[in-house]
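So the structure is just underneath, and the comments pick up after that.
The values are calculated or read from the model by the stated rules, or taken from the named source; none is laboratory data. Bear in mind that the values here come from a model prediction, so they are computed numbers and not experimental data. Here the Cβ positions follow ideal geometry from the backbone for every residue, glycine too, while neighbour counts run over all protein chains shown.
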Amino acid sequence: MRCLLWISLVWAQVDPRADKLIARSKKKLKNMDYMTVQFSYIVENRADTTHNRIQKNGTFRYRPRQNKFSVDLGDMAILSDGKTVWHFLKKEKEVNISRYDPKESFSLDRIFRIYDEDMKVRFDKTEVYKGRTLHKISLFPISERTDYFRVEVWVEAQTELPQRMRISNRDGTVVEYELRDYNTQVIPDSVFVFDVKKYPGVQVIDLR
């Protein structure tokens, strides 16, 4: 009963402004043939009493229309051409190869595709963060089968591009991204494919 009441309250608070803003932001992202973004993220399990946190910085390169992406986290790189995924552990000189599955995990490429999922949206507030005016929107999945129950997005008023995202998962894990320095210059296809020949001695583990 409480769950139904909570859902009813959320739906009642849906603001048409949020729908329109998300639609414009989604359109801008989809119109980008190429995207390079600097990012930082924090992963925290709030259900864990030890309050362990993982924090990393990286560079994300993306071709939205083809689901091609490349993530460089310094000690690790993840590449995908939309069909295959390569996880490259640099220090270990090991690369794991698997088939691309858009539903497998909440990798950064899925964050940008979350706009395509069935969600109820609510406009929360407008605030200033690091000198930028951001509109904060909360998104709630219609399906209860999702790993997450809430996504918060901060969209910059001027560019209408997401600057921050916070995903609250049902298992207590919270992942927060901060995005900056959007760049739309052309990215060669070779960036999204791992070339074993460039890394002599690398161990290849094919999990396909």
Out of (1) under 24 Å from Asn57 (Cα atoms); (2) surrounded by 13 or more Cβ atoms within 10 Å (Cβ to Cβ); (3) in contact (Cβ under 8 Å) with a residue 40 or more places away in the chain, the one Gly172 does not meet is (2)
Filtering the stretch 100-133 down to residues that are under 18 Å from Lys27 (Cα atoms) and in a loop (DSSP other than H, G, I, E, B), which residue is modelled with the highest pLDDT?
Asp118
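Strands (runs of 3 or more DSSP E) wholly in the stretch 149-206 with at least 1 residues that are at positive phi - which ones?
Once the strands (runs of 3 or more DSSP E) in the stretch 149-206 are filtered for at least 1 residues that are at positive phi, what remains is 173-183.
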